[in-house]
Amino acid sequence: MTLQNLKGQIEHEALPDSYLVTGDEPALLEKAKRLFSSIIPVEDQEMNFSSYDFATAGLDDALADLTAPPFFGNHRVVMVTNPTFLAGGAKLSEGQEQALSTILDQPVPGNLLVIFAADLKLDKRKKLTKKILKQAEPLDLQRLNERQVRQAVQQLLTQRAFQIEPDAEQELLLRTQASYSRVLQELPKLLAYAAGSRKITRQAVDDLVIKESTAQAFDLADLVLKGKRQAAIETYHDLVKNGEASLRLNALLLGQFRLLLQVASLSGSDADAGKTLGVHPFRVKLARQSLRSYPLGKIREGFLKILDMEIQMKSKQVDPLFLFEQFMVNF
């Protein structure tokens with residue numbers, strides 16, 4: 001089920017008794033929470049809407065709410081977030097598990113249980129997890145791929161009568177690593193900046209959108225592999241000057257080279273490779289573009305030298321900037 005399906009269920013008051021929300025796209029998860037909240041009129045939310053974080057509040061209050069009928073209204077919504085009792089960790093007491101099982105089988109009319117599992121790895125061997133997976137309406141909000149992010153951006157801009165230059169859009173995706181949630185965070189200031197012209201330019205993206213550390217590591221790795229010694233050293237210096245710890249920067253650089261080697265060994269789509277490696281498909285796409293330009297042997301050599309540099313940083317009292325400059329001279 002999608003968010004659009006959920007909107008339709010709410011509009012037509014065709015609501016099931018329980019939902020299980022999963023996924024790893026923060027912006028979509030927050031939108032889902034707002035939609036569930038909208039089921040209850042604002043003036044009735046104090047009595048008929050509640051949200052409990054299992055990690056801090058446990059489950060007893062949520063169970064108590066679910067066994068009471070709506071208070072002068074048609075619906076009561078009870079949200080449970082961080083339900084680690086469905087994963088391999090926390091356990092419910094026998095009484096709590098029985099109570100929740102009964103609520104699922106015999107819900108109080110009008111009550112709605114919404115379980116936000118987000119990106120928790122559910123333990124499908126557990127009896128209660130199996131039951132919820134079988135009976136609750138699934139709402140899966142996985143991270144959007146690059147094409148979906150582009151479509152969503154264009155739709156948002158069209159609704160607001162704005163445009164974005166093609167190279168500005170590409171740079172925005174590069175700087176946010178094509179994360180829909182990050183793009184949504186950056187758009188308000190870009191829209192405000194372009195209020196006069198109604199067009200978002202590359203210069204606006206350069207001026208206003210800070211690159212994620214993974215994007216910075218990609219840029220630095222690209223300079224290293226291209227042999228642009230001076231530019232790489234200056235970039236490294238600038239990052240350190242701006243507060244980036246040398247060890248962390250080295251780890252990011254090492255991670256980028258490792259990703260190139262890992263992607264080189266995988267076939268299939270960017271999405272499949274990203275799932276295997278646990279990274280966004282956009283990073284796989286960028287890595288594959290890089291692999292067309294650089295010899296694999298050169299990447300392996302760089303990986304080993306960066307690894308050696310990290311060992312020296314941790315074991316010797318040597319200036320990290322000197323080590324990086326020495327690396328660039330010898331690479």
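When the range 211-246 is examined, which residues are found to be polar (S, T, N, Q), touching a helix residue (DSSP H, G or I) at 6+ places or on another chain (Cβ under 9 Å) and at pLDDT below 85?
Of everything in the range 211-246, those that are polar (S, T, N, Q), touching a helix residue (DSSP H, G or I) at 6+ places or on another chain (Cβ under 9 Å) and at pLDDT below 85 turn out to be SER213, THR214, GLN216.
Among ARG288, ARG283, ARG300, which is buried (at least 19 other Cβ atoms within 10 Å of the Cβ) and of a type in the set (Lys, Arg)?
ARG283
For the range 134-147, indicate whether the set of residues that are out of contact with any Phe, Trp or Tyr (no Cβ under 8 Å at 6 or more places or on another chain), open to solvent by less than 80 Å² (accessible area, probe 1.4 Å) and assigned to a helix (DSSP H, G or I) is non-empty.
yes
I need the full set of residues from the range 183-204 which are farther than 16 Å from THR158 by Cα and under 21 Å from the mean Cα position of the chain (by Cα), in order please.
GLN185, GLU186, LYS189
What is the number of the single condition among (1) more than 30 Å from ARG147 (Cα to Cα); (2) surrounded by fewer than 16 Cβ atoms within 10 Å (Cβ to Cβ); (3) touching a Leu at 6+ places or on another chain (Cβ under 6 Å) that ALA232 does not meet?
Single failed check for ALA232: (2).
What residue, among those in the range 245-278 that are in a loop (DSSP other than H, G, I, E, B) and under 22 Å from the mean Cα position of the chain (by Cα), is surrounded by the fewest Cβ atoms within 10 Å (Cβ to Cβ)?
Here the residue is GLY278.
Inspect all residues belonging to the range 153-176 and state whether any of them is among the small types (Gly, Ala, Ser) and in a helix (DSSP H, G or I).
The answer is yes; a qualifying residue exists.
Starting from residues that are open to solvent by 30 Å² or more (accessible area, probe 1.4 Å) and in a loop (DSSP other than H, G, I, E, B), keep the ones in the range 207-224 and report whichever is nearest to LEU260 (Cα to Cα).
Ranking the candidates gives GLU212 first.
The values are calculated or read from the model by the stated rules, or taken from the named source; none is laboratory data. This one's a predicted model, so the numbers in the text were calculated from it and none came from an experiment. Cβ sites come from the backbone with ideal geometry, for glycine too, and all protein chains shown count toward neighbours. Remember, those area values only see protein heavy atoms, side chains included, never the ligands or the DNA or RNA. Shrake-Rupley method; radii C 1.70, N 1.55, O 1.52, S 1.80 Å.
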